[in-house]
Amino acid sequence: MRTINPFSIVKATEYTDEDILNSWVSYTKQEDSTISSILRPEELMPKYILGSKGCGKTHILRYYSFDLRVKHYKDNIQELLNTDGYIGVYSRLDGLSASRFKNNTSDDTWIPIYDYYFELYQTILMLKVYNQILLKIELPLIEQSKIVSGITEYLELDTGATTLQDLIAFFNRQRISIDRELIDYTYKKQLNWDNIKPLFKYGEAIFEIPKIICDSVKLLRNIKTIYILDEYEKLPYEWQKVSLNTLVYEKKGFVTFWIGARRYGYTTKSTKTAEPIREGHEFQPIFLDDLMRNEGIRSFKQFALNLFKKRLELCGIKNIEPDLFETFDEERLLEKLRSKGELRHWLSLKTSLKSIIKSDEIIEQLVDQLKQNVMSDPLMQKIKLFVFYQKWSKLNSHQIDQEDIMQIVVDVNKIFVDVNNLGGTINEKYKKFKTDFLAQLAVENGIKYYQYSGMDEIINISDFNPRVFLTIIKLIIDEYYFKGNPTINKDSIIPVSAQYVGINETAKWFMNDIEIDGERRDILIGAINNLIEYMYVNRFCDKPTETSPCSFYYKAQLDNIACEAVVNDAKNESILIEVNNKRKDKTLGTPQRSFQLNKIIATLYNLPTARRGVLSIGVDMMNAIFNKEQMRNFSKLLIRKKNQLNAPFGVKTDNENVNLPKQPTLFD
């Protein structure tokens, strides 16, 4: 029997209109109330809808298009018009093949050609929508002929058209003529201007044709036309974005725009006029990622669970509960560790002690003493060693001797006489660092760490991104089927091993799908590698930091443009998530920016996903991580950091390294 993966499609561009409609899940309990209240299709303010990959932007924009709304209302045009009050004309801007409109000549040569082609493209789509409406309401042909006459007279066109379909054919011929000229240009290196000369001013068709149609049909009066333009970032040249911004700036009547873009693609507010488009005046930006984060994890969890259930039901799979995903069992990990003999942390301790104690026999005796009362519990061993290392690190590294170490051992053993009745301070450390020490135990001893498992954790590491959530589920189920399991049902249990593979592959996809290219991409990947190494060192060490090494803050300095640019690239790619806070430098009062590593990326390197405070990164380290010109200093600064966090806690040379597991890098 063929197995079915209900999550096989994760991109909205791969859905049919029916798929979009049937798989729609509201973000709140009330039907699409949140997103409708944000987009507000009843108003004429243009919207720039911005978000990271997988945030649901295309799914949302298509859902509000005419093709989807007419299906939603089951072809009842009157109900659609009365309820929605607008017509959404959806298109993807990558369909323009906009890179064709440039060669060895100046931009000035191509701007009018591109503008005309863009308007023809949008006008054809808009006319097709209104043609469907007029056919569905059975408008008499004589009335349609009057509308066409009004359009051609206004635009001063000699088309011979009597119906909207005729007009569509006329505009399509103009578009094809330009297509042919662009093809010929690659060979002839010259343009026949008679074949591509604009027949009307830029914006006239886009704004005036809907007005003429709506004014002529009673049912359409006061109906708004929204040009829903997706993938704005796919316009390759800045002047093409400026042309579109100009239409936004000069919009007329009951016509407006919704423009969808990845955050990195929103690069200019310029227009062809002397004025830019202004937020709150000519347009409103809507940041979908921020919208979801502001709603909180409870809302996203409910949304994700509804999405999960809806996908299963569409494939006829019912009565599936989220607990089919097995959860992490720390006791299973501890049992594996107990069977391994002497664990890595004891070997590392012996190596560190050799810098102070020359006798192997004394080292063995001290280690045996530290093992007292904790040998049955690997986690308690880690806690005890942590207390030991904390006390060691407070001594003067240049004066410490064998007697000092022996006294620390005595003091620590007094604390751990009864591990079942530890003091409040030790219990607090246990709670605070437990997940860090479990990660250390797994990684140091070569055991896969399955902490990121179970539906709640899958939702958490999706980090408010619907596509990440769907991709994780898809790849987990793919792995489950690959192992020969049958189609999931109410009795299925998906093991942590399959979840590990699915999460790992999702994280790799997320990083490989970075959109920026060239040198900026190389610098960004180098910077994120550095940041991950820095965070990794702060977690996988003898004396982990009090704050979770998954987030950081730094002083935002106006003179560090190169560093800020890379941080902003990472933010726009959603590799880093900016944390809302009002942190300021205590001395200067300057703002301090805070970020968290995207949780799905953190899973690749066994980094934490929950914030416990925020790491402070100083100016030198920040530059070494993110500033291309100073990245050469990173290795030296990282070694110093390692030596601060690991025994014997003394910086001897900048080339000294400590005995830690190899730090991973992107694409390892």
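Computed quantities for the displayed model
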read-out: For the chain: relative contact order, % (alpha-carbon pairs under 8 angstrom, 6 or more apart); value: 15 percent
read-out: Cα-projected label distance for Lys354 with Ile9, points at 7 Å along beta-carbon direction, nm; value: 6.1 nm
read-out: Over 19 Å (Cα to Cα) - which of Lys11/Lys224; Lys197/Lys224; Lys382/Lys434; Lys384/Lys431 fall in this group; value: Lys11/Lys224; Lys197/Lys224
read-out: Förster radius 22 Å - calculated FRET efficiency between Phe482 and Asn306 (Cβ-Cβ, nearest 0.05); value: 0.20
read-out: Entries of Lys251/Lys571; Lys483/Lys543; Lys301/Lys490; Lys555/Lys642 with Cα pairs more than 30 Å apart; value: Lys251/Lys571; Lys483/Lys543
read-out: Computed E for Leu141/Asn172 - FRET, C-beta separation, R0 22 angstrom, nearest 0.05; value: 0.60
read-out: Whole-angstrom gap from region 502-576 to region 167-182, using each part's C-alpha centre; value: 47 Å
read-out: Low-density loop positions, GluC sites (Glu not before Pro), region 142-180 - DSSP coil, at most 10 other Cβ in 10 Å; value: Glu156
read-out: Cβ-based net charge around Asn627, under 11 Å, with every Lys or Arg adding one and every Asp or Glu removing one; value: -1
read-out: 4 °C / 1.567 mPa s Stokes-Einstein diffusion coefficient of region 110-249, Kirkwood radius on C-alpha pairs, µm²/s; value: 80 µm²/s
read-out: Coil-residue trypsin sites (Lys or Arg not before Pro) of region 301-371, DSSP, other Cβ within 10 Å capped at 11; value: Lys318, Lys358
read-out: Viscosity 1.567 mPa s, 4 °C: Kirkwood-radius Stokes-Einstein D of region 156-219 over Cα pairs, µm²/s; value: 94 µm²/s
read-out: Rounded accessible area per residue of the chain, 1.4 Å, Å²; value: 45 Å²
read-out: Fraction of the pair-distance distribution of region 126-175 above 18 Å, Cα-Cα pairs, percent; value: 23 percent
read-out: Positive-end residue of Pro6, Thr225, Pro46, charge dipole of the chain with Cβ unit charges; value: Pro6
read-out: Summed side-chain charge close to Leu135 - residues other than Leu135 whose Cβ falls under 15 Å, Lys, Arg +1, Asp, Glu -1; value: -3
read-out: Size of charge dipole - region 271-358 - debye, nearest 20, with Cβ of Lys, Arg +1 and Asp, Glu -1, no other charges; value: 680 debye
read-out: Considering only the chain, percent of DSSP beta bridges that pair antiparallel, nearest 5; value: 25 percent
read-out: Student exercise, the chain dipole from Lys, Arg, Asp, Glu Cβ charges, in Debye to nearest 20; value: 1080 debye
read-out: MRE, 222 nm, helices only [DSSP H, n ≥ 4, -39500 (n - 2.57), over the chain, to nearest 500]; value: -16000 deg cm²/dmol
read-out: log10 of Debye I(q)/I(0), alpha-carbon scatterers only, for region 444-552 at 0.16 Å⁻¹; value: -0.93
read-out: Local electrostatic count, Asp17, Cβ distance below 9 Å [Lys/Arg +1, Asp/Glu -1]; value: -1
read-out: Subset of Lys371/Lys432; Lys71/Lys128; Lys309/Lys448; Lys47/Lys74; Lys53/Lys636 violating a 26 Å alpha-carbon distance limit; value: Lys309/Lys448; Lys47/Lys74; Lys53/Lys636
read-out: Nearest-0.05 FRET efficiency for Gln644 and Thr16, computed from C-beta distance (R0 60 Å); value: 0.55
read-out: Region 317-364: GluC sites (Glu not before Pro) in DSSP coil with no more than 11 other Cβ atoms inside 10 Å; value: Glu342
read-out: Crossing angle, helix 360-370 versus the chain [Cα axis fit, 0-90 degrees, rounded to tens]; value: 70 degrees
read-out: Three principal axis lengths of region 337-408 [C-alpha, angstrom, descending]; value: 38, 23, 17
read-out: Given charges at Cβ of Lys, Arg, Asp, Glu: region 137-220 dipole, positive-most of Ile147, Ile196, Gln165; value: Ile196
read-out: Farthest toward positive dipole pole in region 427-533 [+1 Lys/Arg, -1 Asp/Glu at C-beta], among Ile476, Phe433, Leu524; value: Phe433
read-out: Equivalent ellipsoid semi-axes, region 330-453, via Cα gyration tensor eigenvalues times 5, rooted, Å; value: 25, 17, 13
read-out: Cα-based Rg and Dmax for region 299-392, where Dmax is the largest Cα-Cα distance (Å); value: 23.2, 70
read-out: Ratio Rg/Rh [Cα only; Rh per Kirkwood] for region 468-526; value: 1.18
read-out: Estimated distance in nm for a label pair at Leu343 and Thr163, the labels positioned 7 Å out from Cα along Cα-to-Cβ; value: 7.8 nm
read-out: Accessible area of region 330-489 belonging to carbon and sulfur atoms, whole % at 1.4 Å probe; value: 47 percent
read-out: Chain lengthening between Asp513 and Gln372 when straightened (0.36 nm per residue, less Cα-Cα); value: 45.7 nm
read-out: Net length gained if the chain between Asp75 and Arg278 were fully extended (0.36 nm per residue, minus Cα distance); value: 69.3 nm
read-out: Span per principal axis, largest first, for the Cα atoms of region 421-461 (Å); value: 34, 26, 14
read-out: Degrees separating the helix 141-155 axis from the principal Cα axis of the chain, which is the longest one; value: 80 degrees
read-out: Cα centroid separation, region 370-408 to region 308-365 (Å); value: 22 Å
read-out: Semi-axes of the equivalent ellipsoid for the chain, Cα gyration tensor, largest first, Å; value: 60, 29, 20
read-out: Charge dipole (debye, nearest 20) of region 69-220; +1 at Cβ of Lys and Arg, -1 at Cβ of Asp and Glu; value: 460 debye
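The values are calculated or read from the model by the stated rules, or taken from the named source; none is laboratory data. Quick caveat: nothing in here was measured; it's all calculated off a predicted structure. As a convention, Cβ positions derive from the backbone with ideal geometry for all residues, glycine included, and neighbour counts pool all protein chains shown. These accessible areas exclude ligands, DNA and RNA; they are computed on the full protein's heavy atoms, side chains included. Shrake-Rupley method; radii C 1.70, N 1.55, O 1.52, S 1.80 Å.
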